[in-house]
1. With the structure loaded, tell me whether Trp368 is within 30 Å of His311 (Cβ to Cβ), crowded, with 21+ Cβ neighbours inside 10 Å and within 15 Å of the ligand (Cβ to nearest atom) or whether it fails that test.
2. Suppose the filter is within 16 Å of the ligand (Cβ to nearest atom), surrounded by fewer than 23 Cβ atoms within 10 Å (Cβ to Cβ) and over 26 Å from the mean Cα position of the chain (by Cα); does Ser378 pass it?
3. So which of Gly701, Gly708 is in contact with a strand residue (DSSP E or B) (Cβ under 8 Å, 6 or more places away or on another chain), surrounded by fewer than 18 Cβ atoms within 10 Å (Cβ to Cβ) and not assigned by TED's automatic domain parsing to the domain that holds Gln620?
4. Test each condition in (1) in a helix (DSSP H, G or I); (2) touching a residue at least 40 places away in the same chain (Cβ under 8 Å); (3) within 30 Å of Val384 (Cα to Cα) for Glu345 and report the one that comes out false.
5. In the stretch 397-409, is there at least one residue being open to solvent by 20 Å² or more (accessible area, probe 1.4 Å) and touching a strand residue (DSSP E or B) at 6+ places or on another chain (Cβ under 7 Å)?
6. Out of curiosity, is Ser299 buried (at least 19 other Cβ atoms within 10 Å of the Cβ) and not assigned by TED's automatic domain parsing to the domain that holds Gln616?
7. Pairs please, first residue from the stretch 349-365 and over 23 Å from Leu466 (Cα atoms), second anywhere and within 16 Å of the ligand (Cβ to nearest atom), Cβ atoms under 6 Å, 6+ apart in sequence or on different chains.
8. Anything in the stretch 568-584 that is hydrophobic (A, V, I, L, M, F, W, C) and surrounded by 24 or more Cβ atoms within 10 Å (Cβ to Cβ)? List them, or say none.
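The values are calculated or read from the model by the stated rules, or taken from the named source; none is laboratory data. In this text, all values refer to a predicted model and were calculated from it rather than measured experimentally. Methodologically, a virtual Cβ is constructed for each residue, glycine included, from the backbone with ideal geometry; neighbour enumeration extends over all protein chains shown. Just so you know, the surface numbers come from the protein's heavy atoms only, side chains and all, with ligands and any DNA or RNA stripped out. Shrake-Rupley method; radii C 1.70, N 1.55, O 1.52, S 1.80 Å.
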Amino acid sequence: MGIRYNEEKRLFQLDTEHTTYIIGLTEEGYTGHVYYGKRLQGMGSGYPLRTDEEPYTPSVRKGAKCSFLDKFPMEYPTGGIGDYRESCLDIRNETGSIGSELFYHSHEIRKGKEKLDGLPASFGTEEEVETLKLICEDPVLHIKAVLAYSVFETRDIITRSVQLINEGSELLRLEKVYSACLDMDNEDFEMLSLRGSWARERQIERGRIRFGKQRMSSLRGESSHQEHPFIALATPETTQETGNVYAMHFVYSGNFIAQAELSQHDQVRMTMGIHEGDFCWQLKPGDVFQAPEVVMTFSDQGLGKMTRTFHDFYRNHLIRSPYLYKKRPILINNWEATYFNFDTEKLLSIAREAKKDGIEMLVMDDGWFGKRNSDTCSLGDWTVNEEKLPGGIPELVRQVNEIGLAFGIWFEPEMISPDSDLYRAHPDWAIQIPGREGTLSRSQYVLDLSREEVREYAYESVARILRSAPIAYVKWDMNRQLSDMGSSCLPADRQGELFHRYMLGVYELQERLVTEFPDLLLENCSGGGARFDPGMLYYSPQIWCSDDTDAIERLRIQEGTALLYPLSTIGAHVSDCPNHTVGRTTPFATRGHVALAGTFGYELDITKISEEDRKQIPGQVELCHKYQNLIQTGDYYRIASWTMEKPYDCWEVAAKDGSEAMVTYVQVLSTANGHSRRIRLKGLADTAIYRLEDTEERYTGEELMLLGFPVKELWGDYQSRLFHFVKEAE
Ligand code: GLA
């Protein structure tokens, strides 16, 4: 049983296989946070709430209520009434004041988990998940807050979300609604986050938390290249295998906050939710607001355990696509091959050569519609450019299929170019502030997806093409961040809803798409990996990770991404050299090995690359077939992260039953007078015998895991090796 309520002690205990979470109610009905951490065998007590210590609770000492609120570990703190730490809920009433206070009213414990209206969220059967709903009320505002905790017992995951219902007669303005809070005593925590930039996404950052607030956030209208909707607090010296880690990840793709606040009594408040900047939601009497979901986990075995918990959770309870474990077609994308300069003949020549080497799908990227020969026009005009593609999409698809390849296509449905027929007909469809010239980014504006007719147009632009031909794959791109927030359809006092309404619009479109085209393989993308987040994973089983395809740059980008996301979700391609983003030349084999730690595909002009590189493609294709299942289903272990002092990178994917393991080793820089390096494997069976494929070398599992496997210094920079260990005997 995952959730228990001890009525006498007024405690809720949420147990997963290895963790326990305890919520306690005070006499007044405040919901307090008692404990999160390693699994308790018995039932816990409520003493960590410290209600028997100064300043006591308000019912004992009303005169010190403010001091109480300012240190009490609150499950869902509200703003304006004397808890000066970050609040999760700020509500402005009709008098214009901000202030709310929530008291426990009742609770429900149910098997299963409900969908979140209009939002992506994790799911599970009645056997897999149990949900606690704490129903709290503000007696003055007459607002009901339902704090939902879903416990995935075997996954060590608790998800949280909040629903607000206006049961009064006043118009309320929600100025801030976060989804989760975790109040803990500080354990000298370090904060772990992912930061980046275009082409440099998700670099792992770690540092001791300081007094005050440290936040990762986005006000860019998407989860962003720059900061990721994730935060973890880890005890000092946490490694891949040791240390306590508390992590939160947001199932949302828009503006967010992920914050740690260290306050006066050495307490830490960890919060996550929609960013309150430019957010104000009107809640009329009877209205309901649903906040997105936070996925929470605790690991007492370091970062590696946290990583594998997220991977397993997302594979089993978030990604819905039938492609999750299915063989994904090995694709070749023409973006880096041709950019905008292509026509049917060029695409078919790529397809013909690709077919010879075993590649399975051609993806036509940007530039096939309107008069788009550069990135300055035509977004919104989703009619094929017949000068480039005579006969249109159906004819092109027919010819590509005839060669023996499946066909995929690129769209950017959320955007509008000022130089487009669409903009000339509907300038008000762009998000903009009346009277102010909109700020362009990549020469484009963003469509106002809060409007139904705009959503309808965007949807039909894509669906019409998909209905016209057998198209197997869509790359759904989004190449600018939002600014100039103004919608011509929202009244002045509701403009603060636009960011969130935009996101709800995107989700609605993608939901429609995967419903109408259930067999479509959808890959989300945003100027590379700016919308690589759990929200998008609900719709697409893979997301383009970064526009930087350089194998060495990709090491850190993919390491940061794989900290949370299964390798099967990470869009990764082999591209040409010198690399188009950084100008580096790396061996073709290394590019292949790095792309194998993702979805694998090509992004180059196969008709032009060197003979030497070309010859390696069939072998790489074979490797992809061989390892795809292991990569999709296995356990991922980070063995080494390269630095200038230790210039090699290494990761492993081990089958869950310990029957095989694939180890990828990349020597970023070579060292003079180098010595062999010992790689300690993980996830093997101690006493089983493993053979290193293509050799007669045999090792026991414990030898490989404890003594390690020696890798000799390789000749030259950017060299890589793939080792495959296969179990021969128990
Ligand atoms: C974005 C994508 C690229 C490519 C271009 C096309 O930058 O990340 O892969 O599709 O757009 O304009």
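1. Working: within 30 Å of His311 (Cβ to Cβ): no; crowded, with 21+ Cβ neighbours inside 10 Å: yes; within 15 Å of the ligand (Cβ to nearest atom): yes.
No, not satisfied.
2. Working: within 16 Å of the ligand (Cβ to nearest atom): yes; surrounded by fewer than 23 Cβ atoms within 10 Å (Cβ to Cβ): no; over 26 Å from the mean Cα position of the chain (by Cα): yes.
Here the answer is no, as Ser378 does not meet what is asked.
3. Residue meeting the stated conditions: Gly708.
4. (2)
5. Residues of the stretch 397-409 that are open to solvent by 20 Å² or more (accessible area, probe 1.4 Å), as a first pass: 398-399, 401-404, 406.
Right, trim to touching a strand residue (DSSP E or B) at 6+ places or on another chain (Cβ under 7 Å) and you get 401, 406.
Yes, the conditions are met somewhere in the stretch 397-409.
6. When the stated conditions are applied, Ser299 passes them.
7. Ala354/Ile332
8. Looking only at the stretch 568-584, we keep the residues that are hydrophobic (A, V, I, L, M, F, W, C), and these are 570, 572, 574, 577, 582.
Correct list: Ile570, Ala572, Val574.
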